[in-house]
Amino acid sequence: MPSGTPPDERGSRVSAEIVARFVDVAVDALSAAREEIDALNVYPVPDGDTGTNMFLTVSAARDALREAMAAGAAPEDSLAAFSKGALMGARGNSGVILSQILGALVHRLTTADPGERNAQVVASAIDQATVAAYDAVGTPVEGTMLSVARGAADAALAHAASEGSRGREVFAAAARGAREALARTPDQLQVLKDAGVVDAGGRGLSVVLDAAETALTGRRPTPVTAPMGTRHIPTPATGPLAGSAGAVAGAHALVEDGPAYEVMYLLDAPDDRLPALKAALAALGDSLVVVGADGLWNVHVHVDDVGAAVEAGIEAGRPHRIRVTHFAEQVAEQQARRDGERSGRRVVAVAAGPGLRALFEAAGATVVDGGPGRRPSAGMLLEAITDCGAAEVVVLPNDPDSVRSAEVAARTAETDEVTRGIRVVVIPTVAQVQGLAALAVHEPGRAFDRDVLEMTATARHSRHGAVTVAARAAMTMAGPCRPGDVLGVLEGDFVVVGDDPYAVATDVLTRLLGGGGELVTVVVGAEEGAAELGARCAAYVEEQHPLVDVVVYDGGQERYPLLVGVE
């Protein structure tokens, strides 16, 4: 978002801090409006998740931005992380389109010519984001969030053309234009008029633009009367999808007439493969959206032939994070959850490697893959929480940067209309070995609060360390390091710099055992020589601390040859 600081409004257009302020407001606003937006969801599929999908998409963008800023990334790298976070975390048709809008908007604002007026840059950014959104959709339909984006862009361009206009005022004009365009959507799409609602995705986009106005001006926009009259926006209690009957009937009718599955995946592929991919997917179904850049794409389509949709991705490149939703089953699951058909207790744990996944699964946990460079989004964790079918869920993020995503997912699950009543607690484990320790004392037969208390206490009393290799030169608590140096980690801080992995590992073990301990857990990584290093460390503990038990596991994690825990 533009800073507007210089008197002539020239120079820097956007900063990571301003985007962070905007996205905080946007996440809170979408959280408040999520159930309302879900209730509006009748097109393209009345599956009641548009508000949730948009909320999770923006939450993923915020988490990526905050993580980059906390790591000291340069402003342009932080904003690139914001765009990539939105792309990677996008869920559903509306979320994918929103990620394209956010990415295009930030790109234009960060690459503006210093000689351009801020008002012109902002208007151009909103216009280009709208064009990008239309281009991403296989068959654009008016009366959707695309129309709302176009209304915002037209209003922004008109305001920017006036002499003396300022960037923040252009955003305010865009927000107003979006609200007016939203009110017109029932006249553009018959299914909305029949249901008596405005478009759900358009409502979500309007909330986001209102958040931009609030972040830049401090004003909270008030509803306006559109030229064709203000449309009723129902609440979950009164909307067309309130209660189970309307949701099920509408969804089943649509499934009979259209594709039965939603297929989403991330795709690593060169740009020149995209035209053929889009053509292949367009022939298979509808609601096609492909967004992304620089070889990474988010693909969304509704089809009957899931295999063919995935095969099209394989022909274009490497699909991953493949997610398939059967609309009829989704509606049935929602109905079951509304009827309270949840029971028991489950643990959801983030695993940083295949061996760790096997360990968590053997202990009965529902596992979400994670680790450095591929941390799970709030949406992935929410899916695990809701799909496990339990009435009580304990989440073990096992990574400091995944704690926030877990908390967002937990809050969403507890307040969602479908899953309301489920109890979710996040134990803020910041290391894989803490998660293993907590899961070891998990007892489903105990009272929920008591079980959480025992798991939390065990995790907190589990000291943790690690051995890794420096990827770049940096200054650490233990002094400077160069690429290739072996680093010893204690409770998240670099405390040893050396060149011998065994010496560094035993130094870490000595520090961890300085406060006593009964059990040492060593988890070896995927790097060559990690297994041998783990065995030598186990022998060291047995020799130097004969009263301490030691176990060694093959975790298969990347970047960390050793993870160590002491209980």
Show me, for region 207-218, the HN-Hα J-couplings you get by feeding each phi into the Karplus relation (A = 6.51, B = -1.76, C = 1.60, θ = phi - 60°), rounded to Hz, glycine and proline as x. 4, 5, 5, 4, 5, 5, 4, 5, 5, 8, 10, x
Would you mind putting 125-133, 544-552, 308-316 in packing order, based on average other-beta-carbon counts within 10 Å, highest first? 125-133, 308-316, 544-552
Using only the alpha-carbon atoms, how far is helix 306-316 inclined from the longest principal axis of the chain? Give it as 0 to 90 degrees, nearest 10. 80 degrees
Which order do the peptides 464-477, 366-379 come out in when sorted by mean C-beta neighbours inside 10 angstrom, highest first? 366-379, 464-477
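Under the Kirkwood approximation for Rh and a Cα-based Rg, what ratio Rg/Rh is obtained for region 453-567?
0.97
Looking at the chain only, what percent of DSSP beta bridges run antiparallel? Nearest 5 please. Please report the intermediate quantities before stating the final value.
Working: 46 of 65 bridges.
For the chain, the DSSP antiparallel bridge percentage is about 70.
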What's the angle, to the nearest 10 degrees (0 to 90), between helix 378-387's Cα axis and the longest principal axis of the chain? 80 degrees
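How large is the helix-only mean residue ellipticity at 222 nm for the chain, computed as the sum of -39500 (n - 2.57) over DSSP H runs with n ≥ 4, divided by its residue count, in deg cm²/dmol to the nearest 500?
Working: 20 runs with 287 residues, N = 567.
About -16500 deg cm²/dmol.
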Carbon and sulfur atoms: what percent of the 1.4 Å accessible area of region 403-518 do they account for? 53 percent
For region 439-507, what percent of Cα pairs sit more than 21 Å apart? 44 percent
Surface/4 estimate of mean projected area, convex hull on alpha-carbon atoms of region 90-162, nm²: 4.9 nm²
Pairs of alpha carbons in region 85-230 whose separation is greater than 24 Å (percent): 28 percent
Using alpha-carbon coordinates, inclination of helix 530-544 to the longest axis of the chain, degrees: 50 degrees
What dipole magnitude, in Debye to the nearest 20, does the chain give about its Cα centre under +1 on Lys/Arg Cβ and -1 on Asp/Glu Cβ? 1340 debye
Hydrodynamic radius (Kirkwood) for region 392-535, which is based on Cα pairs only, to one decimal in Å: 17.1 Å
Cα-based Rg/(2.2 N^0.38 Å) for region 396-448, rounded to two decimals, is 1.25
Karplus couplings for region 389-395 from phi (6.51 cos²θ - 1.76 cosθ + 1.60, θ = phi - 60°), rounded to Hz, Gly and Pro as x? x, 8, 7, 10, 10, 10, 10
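In nm, what is the difference between 0.36 nm times the number of residues separating Asp268 and Val324 and their Cα-Cα distance?
So the extension gain works out to 18.3 nm.
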Run the Debye formula on the Cα coordinates of region 512-567, all scatterers equal and no solvent, and tell me log10 I(q)/I(0) at q = 0.14, 0.18, 0.21 1/Å. -0.34, -0.54, -0.71
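On average, how much accessible surface per residue is there in the chain, in Å², for a 1.4 Å probe, leaving out ligands, DNA and RNA? Intermediate results must be reported in sequence, preceding the final value.
Details: 22870 Å² over 567 residues.
Normalised by residue count, the accessible surface of the chain is 40 Å².
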What are the semi-axes of the equivalent ellipsoid for the chain, taken as the square roots of 5 times the Cα gyration tensor eigenvalues, largest first, in whole Å? 44, 29, 21
May I ask you to order 292-304, 510-522, 84-96 by the average number of other C-beta atoms within 10 Å around their residues, highest value first? 84-96, 292-304, 510-522
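The values are calculated or read from the model by the stated rules, or taken from the named source; none is laboratory data. Note that the coordinates shown come from a computational prediction; the quantities given were computed from them, not determined experimentally. Cβ sites come from the backbone with ideal geometry, for glycine too, and all protein chains shown count toward neighbours. Ligands, DNA and RNA are stripped out before the accessible areas are found, and what is left, the full protein with its side chains, is counted by its heavy atoms. Shrake-Rupley method; radii C 1.70, N 1.55, O 1.52, S 1.80 Å.
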